[in-house]
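Asker: Below you will find the structure I want to go over with you.
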């Protein structure tokens, strides 16, 4: 019989909640020290539950649970500060971050630095930072944490640094290869965009466009063909296409 592990007040965020039986819920949680965790929250949906109001997405929490095998049982929850108010495009973008974590993180695989990147991304979205820049930097950090980080500052197979004024054909599983011109065949990106993404400073529209193309292509290698629900929801909520999904 597997031993029970008791975790006390671990920093965490709720990623997703699903009804379970009559009054309970299944939780997908991202914990700083324990990674993505599946928990049963017994009685959470009952009128007498003291935890129902606390367990909301994008709210920093400290959670306690008992773990035996793949699924644990929630035993406590406390607030752990705040990241700010998320509205409009920022809110849809935060749901997109959650879906990426659900699709790409294995359970019980700790990523404490990625946890901190996630919280910082929510804070940036809440204070109104440029949404596209926040998302691209988080996607970069996510792939890096999973061991799929992109080569951005050096040419593939060489020690030669990427030059801001040159164009590159980006090979997703190898890196950038210099080309003679912007209209060369291949997946062409600006050197300045690669360097801006490496720095996490996507200030120019052209840099953000290149970074979005690159990160979307890179993520699709690991997400697979099933579309992201958060992109579909964002697209459905936009007015005449004025906003674009993450």
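The values are calculated or read from the model by the stated rules, or taken from the named source; none is laboratory data. Remember, predicted model here, so these are calculated numbers, not experimental data. Don't worry about glycine lacking a Cβ; one is built from the backbone with ideal geometry, like all the others, and counts go over all protein chains shown.
Asker: Looking only at region 18-49, how many residues end up being more than 16 Å from residue 60 (Cβ to Cβ) and over 17 Å from the mean Cα position of the chain (by Cα)?
Answerer: Total satisfying the criteria: 21.
Asker: For residue 140, are the conditions met, namely being outside the structural domain of residue 168 (by TED's automatic domain parsing) and either assigned to a loop (DSSP other than H, G, I, E, B) or out of contact with any strand residue (DSSP E or B) (no Cβ under 7 Å at 6 or more places or on another chain) (or both)?
Answerer: no
Asker: If residue 53 meets every condition in (1) surrounded by fewer than 15 Cβ atoms within 10 Å (Cβ to Cβ); (2) touching a strand residue (DSSP E or B) at 6+ places or on another chain (Cβ under 9 Å) apart from one, which number is that one?
Answerer: Result: residue 53 fails condition (2) only.
Asker: Could you grab me the full set of residues in region 145-162 that are out of contact with any strand residue (DSSP E or B) (no Cβ under 8 Å at 6 or more places or on another chain) and exposed (fewer than 15 other Cβ atoms within 10 Å of the Cβ)?
Answerer: Of everything in region 145-162, those that are out of contact with any strand residue (DSSP E or B) (no Cβ under 8 Å at 6 or more places or on another chain) and exposed (fewer than 15 other Cβ atoms within 10 Å of the Cβ) turn out to be 147, 149, 158, 159.
Asker: Take residue 118 and tell me if it is in contact with a strand residue (DSSP E or B) (Cβ under 6 Å, 6 or more places away or on another chain), modelled with pLDDT of 95 or more and in the same structural domain as residue 218 (by TED's automatic domain parsing).
Answerer: no
Asker: Here are 107, 103, 127: which of them is farther than 14 Å from residue 15 by Cβ and assigned by TED's automatic domain parsing to the domain that holds residue 218?
Answerer: 127
Asker: Hey, can you tell me all the residues within region 15-49 that are out of contact with any helix residue (DSSP H, G or I) (no Cβ under 8 Å at 6 or more places or on another chain), buried (at least 22 other Cβ atoms within 10 Å of the Cβ) and closer than 18 Å to residue 121 by Cα?
Answerer: 29
Asker: Checking the conditions here, which among 32, 70 is under 24 Å from residue 100 (Cβ atoms) and touching a residue at least 40 places away in the same chain (Cβ under 8 Å)?
Answerer: The unique qualifying residue is 32.
Asker: Do we find that residue 230 is surrounded by 18 or more Cβ atoms within 10 Å (Cβ to Cβ) and either in contact (Cβ under 8 Å) with a residue 40 or more places away in the chain or in contact with a helix residue (DSSP H, G or I) (Cβ under 6 Å, 6 or more places away or on another chain) (or both) in this structure?
Answerer: So residue 230 fits the description; yes.
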